[in-house]
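Enquirer: Next up is a structure, given as C-alpha cells.
Just so it is clear, none of the values below were taken in a lab; they were calculated from the coordinates. Owing to the predicted nature of the structure, the values given are computational and were not obtained by experimental measurement. For neighbour counting, all protein chains shown are included, and Cβ atoms are generated from backbone atoms with ideal geometry for every residue, glycine included.
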Amino acid sequence: SERHFERYFEDVIARDQRIEPRDWLPEAYRKTMIRQIAQHAHSEIIGMQPEGNWITRAPSLRRKAILLAKVQDEAGHGLYLYSAAETLGGDRDDLTEKLISGRQKYSSIFNYPTLSFADVGVIGWLVDGAAICNQVPLCRSSYGPYARAMIRICKEESFHQRQGYELLMTMMTGTEAQREMVQDAVNRYWWPSLMMFGPPDDDSPNTAQSMAWKIKRHTNDELRQRFVDMTVPQAEALGVTLPDPDLSWNADRGHYDFGAIDWDELKQVISGGGPCNTERVERRRAAHEDGAWVREAAAAHARKQQQRKEV
Ligand code: ACO
C-alpha cells in the first residue's frame, strides 16, 4: 500500500541511504529533485558561454588548451545531470524547451559579462570555488544518481578552481596593468559569487523541505559563510582586496562578518533582468535550433537500425 511505500522511503532517508530510480518516492520529492537537477544542468550548459567567449582570444596556446578543456567539462557535467533528471522521468527535450522559453532557471552568476581575460581566472577561483562549496555536500544528497554524478563533477570543478587561481597568481606577478585587471574582475564578481548560494535562509522557500529530505545538507547561509571563510585567506595570499569594507574576522563567532548583499539584484537577475540574460538564452536557443538536423538524423538512423533488426 501507499503507506507502506512511504514508510520505506522515510526509512531510507532516516538511515542516510540513497533513493534509487526504481524506488517509490513522493511526487513532491520527484518534482523538487527534477527542478534542482534541471536548474543545475542548465547552469552548466549556459555556463559555457561566458568563458567560451575567451577561447579564441586566450593569450597563449597553454591557456587556450586549459580553457577549452574546462568548457568541455561543463558540457559533460550538463549531460550527466540531464541523464540524472531522466531517471526521474524528466524529459530532456522538455527541459531544454523550458530553459529557452524562460520557464526554468539557471544560476544567476552566468548572466554577468566576461570583460577581460582576468575574468576567466576569477570565474575559476570564485565561481567554481563557490560551486565546489555548494556541491561537495551534494555528493551525500539523498538521490543516488545525483549524488554519484556530483562526485565526478566536484573532482573536475576542483581542477577548474585551481586553474583559475594559478592564472590569477601568474597575472598578479605580471605588470601593474595585469594586477589592475585582476582587481577589477574581483570587484565585479565578488558579490554575484555570494549570490550563487541563493536567497537568505529566511527567504528560501525550498530549504526546509529539501533539508528534511536530505537533498540539501546545509542551508544557503551556512554554505555562503563557509565560502567567505575559505576565500578571505586566499584573497590575502593573492594580494587582491575583496570589495567589502565590512569584511572582518569575528573572533566570537569564529567566522568572517560581511556586508549586506543586494537581494534586489539577485531577484532581478533570477527573473530575467540581469545584464546578459537575453543574450545567454538567445544563444542557447540558436544553438538548439542549429542542432535540429543532428537530432533528426540521429532519430532517422536509430529507426533504420531498428527496422534492420526487425527484418
Ligand atoms: N540563481 C538562480 N536561481 C536561484 C539562485 C541563483 N543563484 N538561488 C536560488 N535560486 C532559485 C531556486 O532554484 C528556487 O527556484 P524555484 O523558483 O524554481 O523554486 C528559488 O530561487 C528559491 O531559492 P531556494 O528556495 O533557496 O532554492 P533551493 O533550495 O533549490 O536552493 C540552490 C538553491 C542552493 C542553488 C540549490 O538549488 C542548489 O544547491 N542547486 C545545485 C547547485 C547548482 O545548481 N549550481 C549551479 C551553479 S554552479 C555551476 O554550475 C558552476
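Enquirer: Just for the Cα atoms in the chain, what are the lengths along the principal axes, largest first, rounded to whole Å?
Expert: Principal axes ranked by extent give 70, 49, 32 Å for the Cα atoms.
Enquirer: Given charges of +1 on the Cβ of Lys and Arg and -1 on the Cβ of Asp and Glu, with all other atoms neutral, how large is the dipole of the range 106-250 about its Cα centre, in debye to the nearest 20?
Expert: 800
Enquirer: Work out the charge dipole of the chain with +1 on the Cβ of Lys and Arg and -1 on the Cβ of Asp and Glu about the Cα centre, then indicate which of Thr96, His40, Pro192 is farthest towards its positive end.
Expert: Farthest towards the positive pole: Thr96.
Enquirer: Just flag the chymotrypsin sites (Phe, Trp or Tyr not before Pro) in the range 137-179 sitting in loop per DSSP whose Cβ has no more than 10 other Cβ atoms within 10 Å.
Expert: Within the range 137-179, no chymotrypsin sites (Phe, Trp or Tyr not before Pro) qualify (loop, at most 10 other Cβ atoms within 10 Å).
Enquirer: When N counts the residues of the range 1-144, how does its alpha-carbon radius of gyration compare numerically with 2.2 N^0.38 Å, as a ratio?
Expert: Against the empirical 2.2 N^0.38 Å value, I get 1.25 for the range 1-144.
Enquirer: Turning to a different aspect of this structure: Would you please give the residues with an amide H less than 5 Å from that of His255, counting only those at least 5 places away or on a separate chain, with H modeled from the backbone geometry?
Expert: Distant-sequence amide H within range of His255: Asn250.
Enquirer: Just grab the label-to-label distance for Lys98 and Thr56, each label 7 Å out from Cα along the Cβ direction, in nm (one decimal).
Expert: Rounded to a tenth, the inter-label distance reads 3.4 nm.
Enquirer: With θ taken as phi - 60° and the coefficients 6.51, -1.76 and 1.60, list the Karplus ³J(HN,Hα) couplings across the range 162-175 in order, rounded to whole Hz; mark glycine and proline as x.
Expert: 5, 5, x, 5, 5, 4, 5, 4, 5, 5, 5, 9, x, 8
Enquirer: Okay, moving on. Can you list the HN-Hα couplings for the range 225-231, worked out from phi with the Karplus curve (6.51, -1.76, 1.60; θ = phi - 60°), rounded to whole Hz and with x for Gly and Pro?
Expert: 5, 4, 5, 4, 4, 6, 8
Enquirer: Under a Cβ-only charge scheme (Lys and Arg +1, Asp and Glu -1), can you give me the dipole magnitude of the range 21-165 about the Cα centre, in debye to the nearest 20?
Expert: The dipole magnitude comes to about 280 debye.
Enquirer: Counting only helical runs of four or more DSSP H residues, what would the 222 nm mean residue ellipticity of the chain come to if each run contributes -39,500 (n - 2.57) and the total is spread over all its residues? Before the final figure, lay out each step's value.
Expert: Numbers: 14 runs with 199 residues, N = 311.
It comes out at -20500 deg cm²/dmol, rounded to the nearest 500.
Enquirer: Taking 7 Å along the Cα-to-C-beta vector as the label spot, tell me the Thr241-Thr170 distance in nanometres, rounded to one decimal.
Expert: Output for this residue pair reads 2.7 nm.
Enquirer: Give me the net charge for the shell around Val232: Cβ to Cβ below 15 angstrom, other residues only, Lys and Arg +1, Asp and Glu -1.
Expert: Numbers: positive: Arg224, Arg226, Arg253; negative: Asp229, Glu236, Asp244, Asp246, Asp257.
Charge balance near Val232 sits at -2.
Enquirer: Ignoring trypsin sites (Lys or Arg not before Pro) that are buried or in helix or strand per DSSP, and keeping those with at most 10 other beta carbon atoms within 10 Å, what is the longest stretch of the chain between them?
Expert: 104-252
Enquirer: Starting from the Cα-Cα distance between Asp91 and Asp201, subtract it from 0.36 nm times their residue separation and give me the gain in nm to one decimal. Working shown, then result.
Expert: Values: separation 110, 0.36 × 110 = 39.60 nm, distance 3.06 nm.
Length gained, Asp91 through Asp201: 36.5 nm.
Enquirer: Gln104: net charge of surrounding residues, Cβ under 12 Å, Lys/Arg +1, Asp/Glu -1, itself excluded?
Expert: +3
Enquirer: Quick one: angle between helix 176-195 and the longest Cα principal axis of the chain, in degrees between 0 and 90, rounded to 10, please.
Expert: 40
Enquirer: What is the percent of Cα-Cα separations in the range 201-311 that go past 18 Å?
Expert: Counting every Cα pair in the range 201-311, those more than 18 Å apart make up 73 percent.
Enquirer: Okay, next question. Given the options Val136, Leu126, Gln183, identify the residue whose Cα lies farthest towards the positive end of the charge dipole of the range 104-200 (+1 on Cβ of Lys, Arg; -1 on Cβ of Asp, Glu).
Expert: Val136
Enquirer: Something else now. Please report, in debye to the nearest 20, how large the charge dipole of the range 263-311 is about its Cα centre when each Lys and Arg carries +1 at its beta carbon and each Asp and Glu carries -1 there.
Expert: My answer is approximately 460 debye.
Enquirer: Can you tally the net charge around Gln161? Count Lys and Arg as +1, Asp and Glu as -1, for every other residue whose Cβ sits under 14 Å from the Cβ of Gln161. Spell out each step's value before the answer.
Expert: Numbers: positive: Lys70, Lys155, Arg162; negative: Glu51, Asp73, Glu74, Asp128, Glu156, Glu157, Glu166.
Net local charge, Gln161 excluded: -4.
Enquirer: Quick one: angle between helix 292-310 and the longest Cα principal axis of the chain, in degrees between 0 and 90, rounded to 10, please.
Expert: In the chain, helix 292-310 runs at an angle near 30 degrees to the longest axis.
Enquirer: Also, I was wondering about something else. Highest GNM mean-square fluctuation, the chain, Cα pairs closer than 10 Å: which of Glu289, Glu51, Glu20?
Expert: Glu289
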